[in-house]
Each structure stands twice: as structure tokens, then as C-alpha cells.
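What follows is calculated from the coordinates using simple rules that are stated; it is not laboratory data. None of these values were measured; they are calculated from a predicted model. Because the Cβ atoms are built from the backbone with ideal geometry, glycine has one as well, and the counts that use them run over all protein chains shown.
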Amino acid sequence: MSIAQRFVAGEGESHPEDSAALTAFRCDSTNLPWIIFRAAFRAAHIEQISPRARAVLSALARTVDAAKPFAAIFARRELLTGRALQSMRTFYRSLDDLETAGLIDRRPQSRYVEAGLFGRAYLHLTEHAASLLGLIEPPHTHEDEPAQTPASTASASPQPSLTAPSATLADGAIYKDLSPSVFQKRQPGRLPADLQRLRRLGFFDFLIFKLMREAREHGKRLSDVVEATWDHLRLAKAPINYLRALLRNPVDFALLVRRRHVDHHAAQTRAQQHADAQVVALQHAGRTFIDAGNERQFVIGAGGQSLTIFSLTERIGRQAAGWMPSFATALASGQLRPATALDLERFAHAQREALGKSQPCAATLVHEKPPVTGAVRDHIARLRHLLKARGAGA
């Protein structure tokens, strides 16, 4: 007969109170980025500081902004003590340990001068702490590079990479290269230069890339929409909503941008031509030019700002307006040439002959006033008397 007990106490039976206790456990569901997770892990494994200081540094590593590791850490004491599982007095002792180790910077309280009140005192990570936690790249020195000798370089030979796992290493997921980029959400790339001005209006990088995708879905480019409507967009009260409404608008913003660029380029070309023509006019100030047909004479003023044109059929010269670009073009194309003394004499002679031939024609057009005779005076007197008589009868 067996005297052993059939069942051991507590085996084969379920206890409802134990299952209820298991379901009462809670866990923090925060999903940390890889760089913050690595910083918190490194902070918790620094052996040169006390355990309480490691706990507080790990809590600070979870709270710091990875993009701005040296910025102020906006966290209340209750949050940090809760994450470090310490009391308030132990928390302050831990801060003293971290400050002594040169890992944090406890700056004094700032004061609001207008209100006369003291503000908050923020914590800052030092450069040594940020480099130790992996938030910034450590400075590279020549001492870190291994010294190579000729014997070592001669003996060094390329080793083939292991294609199969070693017998002493675990196979499978542990042996593979764990890259955080595989599991983390893909970070945004570099914003285009013409879209970085949206940051001043409250746009984040993720939102800008999302708007780029929405613009592509509507057959537009976000750069064209921003360029065409920037003057109105930067004054909008809700620029995000306004920009999304523009993306839904069936306007061809690319055409507007092209026309604006063409107009801007044409204005720059005209301004450059005017500047070049002004330089040409100043170089030839006070000189006289004549056209290829010897029919007109051009005289530039002493200051290079006026041009007087003389013609064969006119005695008086005329002032030209906006003449610099056309003058520079005509001079470069050979339509105008500097006038010599012989050219001036020939032009004056041709002008006198042209004016002499046109003088009789002008005299024939002038009607001479006939002389006033006695009969004309009598006729005028009778007309006056008749008008007075009619006026008296009325």
C-alpha cells in the first residue's frame, strides 16, 4: 500500500483570488524612440555614480528632447520622482550627485522683472552627459585611431565575412543585426529650401511632408502653391486650413509661378539693359552722332541725361524721352556713328537747302489781309445802324 499523497497541496486547483491579482498589474505603455530608449538604458548602467543618481539620470533621459539635448527639460518634480521611484529628499540628493559628477547643470531661477516673481529653475544636460547617453556624437580625436605599424599592415589581410553563424553563437533573431530603423517609424528627410519658411507659421516637418503628399494627390506641387500664395498665406489666421483649401482649389499654381518668374526675369532684363544704356550714354556725353542716311543728327547733353534730335526739315531740335536703351541698341548695331566735322558741315548744308526749298511753299499758304477801303467802312456803318434799329424795335 502506498502511503504517498496523491496530490500535492496547491496543485491542480485554480484560485480565483490569484488570477484577480495577476490581472491587477499595470504597465507603462509609452513607446519610446530608439535614441531615447538607448539613452535611458545607458543612464541606468553607469557604474561610476550612485544607484539613486542613475535612476534620476534615466528619468531625465526619458524626458529630454532628442532633437535638442541641451535645451531645458520641462518636467515637474512629481513626474521625475515618479519615474525614478524616489522621494523628494532622495531626488534632491540625486541631483546633487549628478551635478557633482558634471552630468547636469542646475541653473538659478529666472525672475520676471515686470511681476517681481521668481520663475522655474530648469535642468540641463551637460555636453559630457549628452555624449555619454548617445544623444550627440562624441568628439573624434586622433588618440582613438589605432596606431598602425608596417608589420601590422603587412600581416593584415582581408578576412572573409562569416556567411553562417558560429557554433558558439545563438542562431536566429538574436544573431541577426538588430537595426532600430527596421522597427522605428521612418524619420522625415530634409525639407526643400523653399518650404522651410513654413516652420515660421507653425508647420512641423511631418505635417509639411504630409501636405506634399496631399498636393501630389491633387496634381499639384506644394512648392508652387506656397510660392504663388505666400503673401496671403503668411498673413492668414489659420495657415494650415488655408493651405489645405488651396490644395483643393482647381487653380493651376504652377502656371502662376511660371508667369511670375517670366515677368520677374523680364523686369530684371529691362533694368539691366537700362543700366547698361545709362553707362553708354555717360561714356558718350557731349558728343554728336548722325544716322546712316545723314538725315538726322543726335546730340547728347553734357551730363549724359538728355538727347536732342535735329532733322533736315526742322530748324529746332526735339528732346527725346526714354532714349537710352534705343540709342545703345542703334549704336551697337551700326545705325548711328560719331559725327565728324565734315559730317556736321554736310548736314548743315543739306538742312539749309531743304529749308530753302520748303520756304516758297510755306509763303503760298499764307493769306494776306486785304486793305480796308471807304466802301467797306460805309457797309460796316450801315450794318451797325440796322442792328441798332432792330434792337430798338424789339
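Here is how the numbers come out for the structure above:
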item: Value of relative contact order over the range 193-251, rounded to a whole percent, pairs C-alpha under 8 Å and six or more apart; result: 33 percent
item: Inter-probe distance in nm under a simple model that places probes 7 Å from Cα toward Cβ, at Arg221 and Arg287; result: 4.6 nm
item: Pairwise label distance in nanometres, Arg244 with His349, each label 7 Å out on the Cα-Cβ vector; result: 8.6 nm
item: Extension reserve of the Arg213-Thr90 stretch, reckoned as 0.36 nm per residue once the Cα distance is removed; result: 39.2 nm
item: Neighbour-count order for Ser94, Ser311, fewest beta carbons within 10 angstrom listed first; result: Ser311, Ser94
item: Inter-site label distance for Ser131 and Trp230 at 7 Å from Cα along Cβ, in nm; result: 4.0 nm
item: Hull volume in cubic angstrom per residue (convex hull over the Cα atoms of the range 193-251); result: 73 Å³
item: Length added when fully stretched, Ser311-Leu79, from 0.36 nm per residue minus Cα-Cα; result: 74.2 nm
item: Burial order of peptide ranges 200-206, 381-387 (average beta-carbon count within 10 Å, highest first); result: 200-206, 381-387
item: Listed peptides 280-289, 97-106, 265-274 by packing density, highest first (mean Cβ within 10 Å); result: 97-106, 280-289, 265-274
item: Estimated FRET transfer efficiency when R0 is 56 angstrom, pair Arg270-Lys388 (beta carbons, to 0.05); result: 0.20
